[in-house]
Structure formats: structure tokens, C-alpha cells
Amino acid sequence: MLNQALKDRIVRDVLPRVQTPGQYVGGELNAVVKDPRGLRGRLCLAFPDTYAIGMSHHGLQVLYQGMNRRDDWACERVFAPWIDMESLLRETALPLYGLESFTPLAEFDVLGFTLQYDLCATNVLTILDLGRIPLLSSERAPGHPLVIAGGPCAHNPEPLARFIDLFVIGDGEEALPQVCDAWIRLRARGLDRPAMLAELATRLPFAYVPSCYARSEAADGTGPPVPTHPGVPAVIEPAVVKDLDAVALPTAPVVPFVESVQDRITIEIMRGCPWRCRFCQSNPIKRPVRFRRVETIVDAAWETYVNTGYNEISLLSLSTSDYPHFDELMGRLQAKFRPLHVAVSVPSLRVNEQLARVSEWLDTDRRSGLTLAPEAARDAMREQIGKPITNADLLEGCRMAFGKGFRRVKLYFMCGLPGERPEDLDGIVDLAESIARLGRQATGRSVTVVANVSNFVPKPHTPYQWNAMQSRQYFLQARERLYRRKRMRSVELKCHDVETSLLEGVLARGDSRLGEAIELAWRRGARFDAWTEQQRPDLWWRALADCGIDVDALLHRPYPADARLPWDHVAVRQGRAYLERERDRASRHMACME
């Protein structure tokens, strides 16, 4: 039921004074508004970034539609308000609210955060505070919402552990309803909040409840937390959806009022990746590999098209061209949608012999650019990082793409990989310029090649999790070397901000001590740290120093091979032994490169 009084005040006193007010009003096509009478509970999904980014996130649409299919639950949405909106909510003493009903966040039963990017940590605190929910889990009363979080960053939950009641590890489609239903049952029993959280920790094997654990007794304090309650597991096992095809796709996604990052139909065709790239965190946390049937995908694409009117379909997976029925799927989709001038895009292509074959399907009415992620520029380095592709495959695939009408190639590389040498950096520019020359030869005119270079962060649950991150000086010198080497005007070089990458490393690799620094940085004004115009790195480095956190030790010193890591209490399906074997293989490859 709509909170009309709050909506009236927001519309009258706030929205005329903010940028893009359409992101704060709800009421979009396919939004679901339910009468609270007769409901078992109410959930609000929180995305700790802007509406434009959050509304482009497929997982949010999946969970939103999945929960709203139930008659006994209502699911709403909230996003991190931009700086002007936050300021006005504070000025007018109005709470942050769910978009569907303008219900203040503190009145929901469950508030669920999606943690997609480490640098959204301070936005989590903004949403909690504006929603009038105590920041610290330990300060919440039984009547406050259960604050949960899931997503990739939940696989190292410790930096945010003091703020989150329960982390859902793994797939959320089946786990989220279990958490919500269990919370309502426990509330009905009249238990106090610590007792309810302890019950959740013992009943749900995929649930990490920080209040049921204590900080590691390791000398340096960096080991995983240990259980303090009987029956609480020492290691949290991820939730896994076994039959992906049986999980309904969001065929009536909410269509944003304002421009979003991705205004298109998104269909997840496969979860997990058959490859074993050692730098990739998504690979180990998304396994096992599961597929949807062609019929399921085509039917869902058509139903979503009818329900939204979007004119582009994007096939989502970690490696779309590795979908086992790719040719059949593309043939079916093109036959159905090309007459309607609906494009089918394949954003995650593997750069190997498949690229030449796949390019045959990319001759759409909107051909313009091809995006590829070779990650490294030399075959030897790719062998070390576990990405078995060659420059020969890459060049041949680009040649065919140019022949099909593409005029722009975007390449993604990493700088600072373990064992990186000067020739690996030089190779980034050399490869980009080779592709640019190839494009001119194939088309008779200049093409654009964009080389995006990110700074490598050794992420938890990867074979490189024991490695140190390169220093600020290294990244700055590498960046300067790349710019000096570039000669061709048709090649654009874009290097990721070094301070942002270092902060990402801190937040990705930190332990529970980091929570105090996150809160201090937030109280001093840190917001939207991933946004260039909002970056305040000096504020962060001061907060970390004031909290006694040794950034150099956290980032730039490798862990011993037998070290217990801050995130070891969260399991991945293949286990730590697999990561150790892959680490050792990478070390052997590195030795051969020297």
C-alpha cells in the first residue's frame, strides 16, 4: 500500500531540486506494487550504486521478479541516492524508501544488498543510515529489518561484517526465499535478535552470520574468523542452483524511466565457465557450469521483447561462445528477431578459433564494435594466467570481423600480473597497433582500436590470492611506458586510475578490521568511490592510517603458501586444494618465462 504522505513530501519538497528525479519515483513499466494486507513479509532489494547502474544489473531483476511471483511476499527496490538527493533527504528529515510503495526502509522485514563491486562499500552505509537502520548489526533491535547481502563481494565478507546481519554465499534464487521465510518464522516465536541470527547460522549452510564468529586468533589477525556458537559451521558452503533451466528468467523486467547503462533485454544462457583463467574470481565462485535449453532462451527472449519493447538482446554468461548449442541458438534468435530489427549481441566472446566462427553471427543491423578480452598481449603470459588463446586466433578473428563491417575493436588487458616483464607491457601497444593496421588493410580505411588497461588486483578465491599487488609506483611507471610507446592515432589507450585500483585491492583483500576504516571514511564524506568525479583517495588513506591498518602489508606483501586467509571460512565449490594446485602451476609457468 502506498505511503502517500511520504510520496507527497518527496515530490513536493525534494524532487524539484535534484538531478534526474525520474530515478526516485518508481511506477515504471513492469514494477510490482502489492497490497501489504495478507502478505507474509516484505523485502527491499538494495543496490549500492546509482539507479542507472542498478537497473542494468540482471541479478537484481532475477531476484525481484522471483520474489514477486510469490503471493505471500512483496519485493521492492532501492538504490544509492546521488549526493544531491542524500543531502536533501537529510535536510528535510525524510527517510530513504522503497520505490514501489514509498515505504521507509526501516519498515521492511528484510533489506537485501547486492555487492557487485568492492568500491560500493560506503554506499551500503548511506542506504542504511538514510533508511534509519543502525549501521552496526550489534545495535539493531528485533523490530529492525534483517540486513543481508550477497553477490561476488560477499565471498570475502569480512570488510562489511560489522554492518551486515547475514551474508548469502552463492546463488540467490533459492537461498533468498529460504532466508526470508526463516526470518519471519523466527520473529513469530518472539526470540531476541541474537538468538534469531544464531538459528539462521545453524540452519542455513550457505549463510554466514558474523555475530556467531570471533576474529581469528592468528598472530597477525588475518586468519578466518572462528565459530563461537554450537552448531555453527567453520566453513560456509555456497548455495548452488542445480537446474539452471528450471529457474525462471525475468521475462517482465522493470523498464527504467531514465537512461540506464544497459537498455536492452538480458538473457542468462549459461552460468559458470568451462575455462580456468587463474586471475578470474567469477570462475571459481560461479561453478559448476550449467546451461539453459535453447527453447527456454528463445521463448524467454520473445516474452521479454513483448513485455518491454527493447530492440536489443544481450546473451549473458562468462563465455557466451562456449555455450554448447551456440550455433543453433543464434540461428533461432536471428530468424525470429532480425525481421523485427532487434539486434542480438554477444558481449563475452572467447578469443580463440571460435571467434572466427562466431563472427559469422555478428552481422547485425547495428554492427559497429567488437569487444574482446585477451587480458595479456603475449602468448607466454596468457599460458601462465590460464587463458589458452593465441595472437594468431585474435588477429584472424579481427580480420573476419572487419570483413563483416566492424570498424571498432575494444580490447581489455591487465597490467601488473605476476611475473610481468617490460615486453608484456610493450606488447599491449604493439598488439593494438597490429590490429589497427590489419583493419586498414581489410577495410581500406582507418579503424579504431581501444586498449583498456586495468591494474591487476589478486582477488580472493583465485590461484593468485596469495600474491602481492604491485605498488603505486609500478603502476604509474607502467602507465607512462605504455603512453610513450603508442604511435598510431587510430589506437586509443585508456588506463584505469591507480588510486582506485589500490583502494579496490584494500577492500577486496581486507579482514574485519577494515570495517572501522570504512565507517570512518564514510563519516568523513566518502561516497560513490568508483565514480571519478567523487574519488577522494586521500580521505581513504587517512582513514586507514587512523584505524591502524597497514596498507603496505595488506596489499604489497605476499601470503605464505600455508597461510590461513581472511576469507578461508567461505568455501568455493572446487576447494582450496584446487586453488593451491593452480597457484603452483602458475609458478612453474612463471619460472619457464624467466
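Computed from the coordinates by the stated procedures, all read-outs in this text should not be read as laboratory data. Being a predicted model, the structure only gives us computed values, none of them experimental. Note that we place each Cβ from the backbone using ideal geometry, even for glycine, and neighbour counts take in every protein chain shown.
Hey, fewest Cβ within 10 Å first, where do 305, 474 land in order?
474, 305
List the relative contact order of the chain as a percent without decimals, with contacts defined as Cα pairs under 8 Å and 6+ residues apart.
Contact order relative to length: 14 percent.
If each of residue 306 and residue 9 carries a label point 7 Å out from its Cα toward its Cβ, how far apart are those two points in nm?
Result: 4.4 nm between the two label points.
Taking 0.36 nm per intervening residue step and subtracting the Cα-Cα distance, what contour gain separates residue 523 from residue 17 on full extension?
Gain in length upon complete extension: 179.8 nm.
Straight-line reach from residue 336: which lysines fall under 24 Å, measuring Cα to Cα and dropping same-chain residues less than 8 apart?
Cα-Cα hits under 24 Å: 404.
Amide H neighbours of residue 146 under 5 Å, counting only residues 5+ apart in sequence or on other chains, H built in-plane at 1.01 Å?
Close amide H contacts, sequence-distant or interchain: 110, 111.
Quick one: length gained pulling residue 181 to residue 29 fully straight, 0.36 nm per residue minus the C-alpha distance?
Fully extending the segment from residue 181 to residue 29 adds 51.9 nm.
Residue-wise, which Karplus ³J(HN,Hα) couplings in Hz belong to segment 199-211, taking 6.51 cos²θ - 1.76 cosθ + 1.60, θ = phi - 60°, and x for glycine or proline?
4, 4, 5, 8, 8, 10, x, 8, 9, 9, 10, x, 5
Among 265, 297, which comes first, second and so on when ranked by fewest other beta-carbon atoms within 10 Å?
297, 265
Using square roots of five times the C-alpha gyration tensor eigenvalues, list the equivalent-ellipsoid semi-axes of segment 4-227 in whole Å, biggest first.
28, 20, 16
Between residue 552 and residue 237, what is the spin-label point distance in nm, taking each point 7 Å from the Cα along the Cα→C-beta axis?
4.4 nm
Using the 10 angstrom Cβ neighbour count as an exposure proxy, how do 243, 181, 165, 393 rank, fewest first?
243, 181, 393, 165
At a Förster radius of 41 Å, what calculated FRET efficiency corresponds to the Cβ-Cβ distance of residue 2 and residue 327, to the nearest 0.05?
0.25
Find the all-direction average of the projected area of the Cα convex hull for segment 69-163, expressing the result in square nanometres with one decimal place.
Projected area, direction-averaged: 6.9 nm².
Excluding residues on the same chain fewer than 8 positions from residue 494, give the lysines whose Cα lies under 24 Å from its Cα.
Reachable lysines: 387, 410, 459, 486.
Sequence gap at least 6, Cα distance under 8 Å: using those rules, report the relative contact order of segment 4-227 to the nearest whole percent.
Taking the mean separation of contacting Cα pairs over the length of segment 4-227, I get 16 percent.
Below 19 Å, Cα to Cα, which lysines can residue 7 reach? Residues fewer than 8 away in the same chain don't count.
Leaving aside lysines fewer than 8 places away in the same chain, those within reach of residue 7 are 34.
For segment 68-107, list residues with backbone N below 12 Å from a point placed 7 Å from the Cα of residue 132 toward its Cβ?
The answer is 93-97, 103-107.
Distance between Cα centroids, segment 27-96 to segment 1-19: provide it in whole Å.
15 Å
With θ set to phi - 60° and the Karplus curve 6.51 cos²θ - 1.76 cosθ + 1.60, what are the ³J(HN,Hα) couplings of segment 78-93 in order, to the nearest whole Hz, using x for Gly and Pro?
8, 10, 5, x, 5, 3, 5, 5, 4, 4, 6, 4, 5, 4, 8, 6
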